[in-house]
Amino acid sequence: MNTFTIAAALLCVAGAAVAEPTIEWIPSGFLITDLSYDGTVGAGNQVNDGSYETFRWDAETGAVRLGRGTVAAIGVGGGSPDISHDGAFISASILSSDNSSTLGIWSSLDGWHEAFPTGASGGILVDQTYASAWGLSGNGLHLTGYYYFGAPARATPCTWSVAGGINQLIYTPGKNSRVNASNFDGTIVGGWEDRGGPWYPVVWRDGVRLDLTAPDSMGTVECINTDGTIVVGTSMDTAVATRVPTIWRWNGASYDIQRLNYLPGTQPGLGQSRFSSVSDDGQIAVGTNIYTQNPGGNVAGIIWTPETGIVKDTDYLASLGLSSQIPANFLIRDCSAVSPDGSTIAFLGLYTDHFEYQAFLVHLNPPPACPGDANGDFLVDGADLSVLLSQFGQSVIPGSGGDLNGDGSVDGADLSVLLSNFGGGGCI
């Protein structure tokens, strides 16, 4: 698929307007690993100085280090910083009160909270680590990852919340397991369990464990959308003996699997490709393609839509007319996150002459403003009224569904917005 064809297809994606996208560079070394719902706030690690300290970024304050990094203090690192939909909470592995690595959750109100204190829930110290954080629910109240437990100690899958503390999930005794991702309210989470070596993808729905692939298909779950109906990660395509980007969609009783292709030039059996993030509507997924098994080998970011299929990072940027804004000595290596609303994608790369890492965001223009449009069809009619009435009196994700004024609740103020624009003949 050539650049012109990609651009034409992208213009048709779910009504998305991408004719005038923009690039926003993040300060050097601050690599974004997760984005808030609308892509205006990010979290990640500072890598250029070797500290891997967690940070929070927004356009107003810039990249702000949050402290309690483990690498500089004890030489141990792990986990992945994640951020809530509203940007107010961040999860990460942090330095514990006894100078070990443990689960932490940061709040914009009072900073870090040590979620897994020393000795909690029978936890065991292994390689200066009690527990490691790998995911956060959209509402910021449920942290996911693993903690060391048992004899001999194994990485044991868990969630954590202020209300319930550590919650050990169903796992196979003697095996290692980890929870990488959560839906909005923490009721559906996913990750992997090993088989004495290879990992395979697992989802837990309300505590009930679902193995997503056959025993011969290794892989992982990396991201889950708000309501838990879309799961992405990687799984083994046995026809080519290679792990490929994978989407699982909930059909009401189980998850249907869709395997995608790796990029041309990837060595079957040695390379691999995966999704790390997906938009709420499942129309954009992003991740990484590893061309070969060799350490330090060639890698690239990938972007997928139903219309374009898997697209390489540079081809995608060319289709948006953004290639000229990427320095010639800058090599993109990952597309680490897409905001749940699909408006923003985080790219990570490396300067090939001075070997510094940097991230940038691509902001895709949102659809035309359409006050009162609750279902996203660019009309204000009875269908929107039905959505609003079904959510009336509820708290929802700010700006989603019937929350037409963006205050996080569906009430009379939203009904006024809808009625004042009812039957306007469309917004396009």
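The values are calculated or read from the model by the stated rules, or taken from the named source; none is laboratory data. Treat the numbers as computed from the prediction; the structure is a model and nothing was measured. Counting neighbours? That spans all protein chains shown, and the Cβs are built from the backbone with ideal geometry, glycine included. We work out accessible area using only protein heavy atoms, side chains counted, and drop any ligands, DNA or RNA first. Shrake-Rupley method; radii C 1.70, N 1.55, O 1.52, S 1.80 Å.
Things to note:
- The sole residue among Pro368, Pro327 that is at pLDDT below 95 and either within 30 Å of Asn183 (Cβ to Cβ) or open to solvent by less than 50 Å² (accessible area, probe 1.4 Å) (or both) is Pro368.
- Subset of region 46-60 (residues that are open to solvent by less than 30 Å² (accessible area, probe 1.4 Å) and either without any contact (Cβ under 8 Å) to a residue 40 or more places away in the chain or not in a loop (DSSP other than H, G, I, E, B) (or both)): Gln46, Ser51, Thr54, Phe55, Trp57, Asp58
- With respect to the conditions (1) within 18 Å of Gly271 (Cβ to Cβ); (2) touching a strand residue (DSSP E or B) at 6+ places or on another chain (Cβ under 7 Å), Pro295 falls short on a single one, namely (2).
- Applying the condition of being hydrophobic (A, V, I, L, M, F, W, C) and more than 15 Å from Val202 (Cα to Cα) to region 233-252 and asking which residue is nearest to the chain's Cα centre (by Cα) yields Val244.
- Sole exception among (1) part of a loop (DSSP other than H, G, I, E, B); (2) closer than 30 Å to Leu141 by Cα; (3) open to solvent by 10 Å² or more (accessible area, probe 1.4 Å) for Ala239, by number: (2)
- From Thr220, Thr266, residue being in contact with a Phe, Trp or Tyr (Cβ under 6 Å, 6 or more places away or on another chain) and farther than 26 Å from Asp341 by Cα: Thr266
- Among the residues of region 189-199, the ones that are assigned to a strand (DSSP E or B) and open to solvent by 10 Å² or more (accessible area, probe 1.4 Å) come to 3 in all.
- The single condition from (1) surrounded by fewer than 17 Cβ atoms within 10 Å (Cβ to Cβ); (2) assigned to a loop (DSSP other than H, G, I, E, B) that Arg209 fails is (2).
This table checks each residue for (1) surrounded by fewer than 17 Cβ atoms within 10 Å (Cβ to Cβ); (2) farther than 28 Å from Val231 by Cβ; (3) among the aliphatic types (A, V, I, L, M).
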{"site": "Leu317", "(1), (2), (3)": "no, no, yes"}
{"site": "Leu320", "(1), (2), (3)": "no, no, yes"}
{"site": "Cys335", "(1), (2), (3)": "no, no, no"}
{"site": "Asp341", "(1), (2), (3)": "no, no, no"}
{"site": "Tyr357", "(1), (2), (3)": "no, yes, no"}
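- Count of residues meeting criterion [open to solvent by less than 20 Å² (accessible area, probe 1.4 Å) and within 22 Å of the chain's Cα centre (by Cα)] in region 124-154: 12
- For the residues Ala43, Ala72, Ala63, the requirement of being among the hydrophobic types (A, V, I, L, M, F, W, C), assigned to a strand (DSSP E or B) and open to solvent by 10 Å² or more (accessible area, probe 1.4 Å) singles out Ala63.
The rows are residues; the columns are (1) over 19 Å from Asp315 (Cα atoms); (2) of a type outside the set (Asp, Glu).
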site	(1), (2)
Gly233	yes, yes
Pro245	no, yes
Ile257	yes, yes
Leu263	no, yes
Leu270	yes, yes
Asp280	yes, no
Thr288	no, yes
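- Members of region 259-289 that are of a type in the set (Val, Ile, Thr), under 26 Å from Tyr351 (Cα atoms) and within 19 Å of the chain's Cα centre (by Cα): Val286, Thr288
- Those residues of region 89-105 which are under 18 Å from the mean Cα position of the chain (by Cα), open to solvent by 10 Å² or more (accessible area, probe 1.4 Å) and either at pLDDT below 95 or closer than 15 Å to Ser51 by Cα (or both), in sequence order: Ser93
- In this structure, Leu350 does not qualify as within 20 Å of Thr33 (Cβ to Cβ) and at pLDDT below 95.
- When Ser108 is tested against (1) modelled with pLDDT under 90; (2) within 22 Å of the chain's Cα centre (by Cα); (3) open to solvent by 60 Å² or more (accessible area, probe 1.4 Å), just one condition goes unmet, and that condition is (1).
- Checking each residue in region 166-185 for being open to solvent by 20 Å² or more (accessible area, probe 1.4 Å), closer than 27 Å to Gly408 by Cβ and either charged (D, E, K, R) or part of a loop (DSSP other than H, G, I, E, B) (or both) picks out Phe184, Asp185.
- When Tyr291, Tyr262 are checked against the criterion of being open to solvent by less than 80 Å² (accessible area, probe 1.4 Å) and either at pLDDT below 95 or over 20 Å from Thr213 (Cβ atoms) (or both), a single residue qualifies: Tyr291.
- Selection from region 386-400 of residues that are open to solvent by less than 50 Å² (accessible area, probe 1.4 Å) and modelled with pLDDT of 90 or more: Val387, Leu388, Gln391
- Evaluating Phe116 against the criteria (1) of a type outside the set (Asp, Glu); (2) in contact with a Leu (Cβ under 8 Å, 6 or more places away or on another chain); (3) modelled with pLDDT of 95 or more; (4) under 29 Å from Gly233 (Cα atoms) leaves one unmet condition, (3).
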